[in-house]
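Note sheet for the following structure.
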Amino acid sequence: MKAVDQIQWSFSIKNSFIAGIFKQTNSMTVYDDVLDGRFRDRLKLNNQTGSLTITNITTQHAGNYKLSIFKSKISSKAFRVSVYARLPFPVISRYCSSSSSSSYCSLLCSVLNVRNVTLSWYKGNSLLSSISVSNVSISFSLHLEVEYQDKNSYSCVLNNPISNQTTHLDITQLCHTCSDSEHCCGSTEAVMQLVLSALVGVATIIIVVYDIRSRRAEQDQEQIHTSGI
């Protein structure tokens, strides 16, 4: 450090200076207010080694950092910092669609507002399917169909490069046949059909009543007109 005239740390966004050591003024500075204050009260600069520590780091601090060392000439080193948020547990739910088979239970494994992750279905230790997302924070699901009497173990796994969360499928709880539970695709569709039929029936009755009243009103008007003549 004695031969070093100046050290500067910068962050990739707008190449913003976030910390520095200056030999001429024998001072050390951290720039808390840059980039909307995202580094405020988080930077610690070692005056002896020039190393930089970011405390309470979050995903908004992920990116490229550059260390510039000024001596007789300028040298620099680049660092890529990745920050991963705590992963939520994936949620397994049953869903029904017009294409659902009566022999199979349709399932969705879903996660909300995640990025840089992979969502996978496993049968035991064997990978069945997976889907990955990049930097964009989104919500997504992965489909699986199992037979109602399937005795195998299934699990849905959400993972990133440093951690994972697993939810195990309880087939007996989610995958009931119609004889076991009213909450099945056939029952749901039947209820929807009944509701739609009822709505259509009510609408038909209203139209018929309106038509009858309109005809009576027209007949009354004709009788009044005839009497006036």
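Mean separation of Cα pairs under 8 Å and 6+ residues apart, divided by the residue count of the range 6-81: what relative contact order is that in percent?
Values: 135 pairs, mean separation 21.3, N = 76.
It rounds to 28 percent for the range 6-81.
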* According to a simple spin-label model (label point 7 Å from Cα along Cα-to-Cβ), what is the distance in nm between residue 64 and residue 153? -> 4.5
* Asked: Straight-line reach from residue 123: which lysines have a Cα under 27 Å away, not including same-chain ones fewer than 8 places off?
  -> 151
* Asked: For 7, 138, what's the fewest-to-most ordering of other Cβ within 10 Å of each Cβ?
  -> 138, 7
* Structure fact -> Computed about the Cα centre, the charge dipole of the range 1-82 from +1 Lys/Arg and -1 Asp/Glu charges at the Cβ has a magnitude in debye, to the nearest 20, of 340
* Which lysines, on any chain, are close to residue 66 with Cα under 30 Å apart, when same-chain ones fewer than 8 places away are left out? -> 2, 14, 23, 44, 77
* Structure fact -> Taking every other residue with Cβ under 15 Å from the Cβ of residue 169 and scoring Lys and Arg +1, Asp and Glu -1, one gets -1
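Here, each number is a calculation from the coordinates, and none is a lab measurement. Keep in mind that this is a model prediction, so the values were computed, not measured. Using ideal geometry, Cβ is built from the backbone for each residue, glycine included, and neighbour counts are taken over all protein chains shown.
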